[in-house]
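Input: a single structure, listed below in structure tokens.
The values are calculated or read from the model by the stated rules, or taken from the named source; none is laboratory data. Bear in mind the structure is a predicted one, so any value in this text is a computation, not a measurement. Positions of Cβ are backbone-derived with ideal geometry, glycine not excepted, and every protein chain shown enters the neighbour counts.
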Amino acid sequence: MEEVTPDILLEAYAAGIFPMAPDRASDELDWYRPESRGVLPLDRFHLPRRLARRVLSGTFRVTSDQAFGAVMQGCAAGVPGRETTWISGRIEALYHQLFLRGNAHSVEIREGETLVGGLYGVSLGGAFFGESMFSRRPDASKVALVHLVAAMRLQGFVLLDTQYGTTHLAQFGGEEIPARRYAGLLRHAIDVKVTWNPAAIALDAVADEVRRLAAEG
């Protein structure tokens, strides 16, 4: 088993490469650099009015970096139709190290004190690499994504990497772009000086930006 350190992991992200495990129980890592890369353009994010109202209703309490491990476990949990996952124990340990270094972050969605959804990813300069999300209530992961995008826009991030394009992300403006174009966007984003601020994810911080997103969408 090859040694992978947090520094190696960040070097891989800076080169457009990311790891996945073959399955939940595996200690092996496979490395990926897709020919077509999924991105969610921050300046063309589509926010449906219904979802904007859901976000602004305050139904959920949204925080960041308060339950990173629990969010990873939620993302790794099996669901009907996807009983296994690429998020192995080794992946969890590596990304927890990145979290302790300030290079990995989570968005938590709660009903009261109960964690019902969230997402996590890696930040490097002005880039955020979304890794996975989960939802135990309708719209919970969507609300997490909206807060992430709004907070990224407010803080000056320029690139939201989704690894692959999906029909789920396409409804928000997600697209796939050629690897060469992605590499240029990534080089620029890494040079942007941004520090993730967990407080920027809270509703009072993003509410006006959510309204702008809804108006633009």
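Quick look at the numbers
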item: Residue in the range 77-84 that is closer than 21 Å to residue 138 by Cβ, touching a strand residue (DSSP E or B) at 6+ places or on another chain (Cβ under 9 Å) and not basic (Lys, Arg) present; result: yes
item: Residues of the range 34-52 classified as at pLDDT 95 or above and charged (D, E, K, R), total; result: 1
item: Residues within the range 125-149 that are part of a strand (DSSP E or B), within 30 Å of residue 11 (Cβ to Cβ) and not charged (D, E, K, R), tallied; result: 7
item: Flag if residue 144 is more than 23 Å from residue 91 (Cβ to Cβ) and either surrounded by 19 or more Cβ atoms within 10 Å (Cβ to Cβ) or not acidic (Asp, Glu) (or both); result: no
item: Flag if residue 55 is in contact with a helix residue (DSSP H, G or I) (Cβ under 7 Å, 6 or more places away or on another chain) and under 22 Å from residue 156 (Cα atoms); result: yes
item: Considering residues of the range 37-59 that are under 18 Å from the mean Cα position of the chain (by Cα) and not in a helix (DSSP H, G or I) only, the residue farthest from residue 15 (Cα to Cα); result: 47
item: Top-ranked residue of the range 29-42 - restricted to ones that are surrounded by fewer than 17 Cβ atoms within 10 Å (Cβ to Cβ) and not charged (D, E, K, R), ranked as nearest to residue 2 (Cα to Cα); result: 31
item: Residue 165, sole failed condition from (1) in contact with a strand residue (DSSP E or B) (Cβ under 6 Å, 6 or more places away or on another chain); (2) at positive phi; result: (2)
item: Whichever residue in the range 67-81 is part of a helix (DSSP H, G or I) and not aliphatic (A, V, I, L, M) and, among such residues, is surrounded by the most Cβ atoms within 10 Å (Cβ to Cβ); result: 74
item: Among the residues listed as 88, 64, 26, the single one being of a type in the set (Ser, Thr, Tyr), in contact (Cβ under 8 Å) with a residue 60 or more places away in the chain, closer than 26 Å to residue 203 by Cβ and surrounded by 12 or more Cβ atoms within 10 Å (Cβ to Cβ); result: 64
item: Selected residue (only one of 210, 122 is assigned to a helix (DSSP H, G or I), surrounded by 19 or more Cβ atoms within 10 Å (Cβ to Cβ), touching a residue at least 12 places away in the same chain (Cβ under 8 Å) and not small (Gly, Ala, Ser)); result: 210
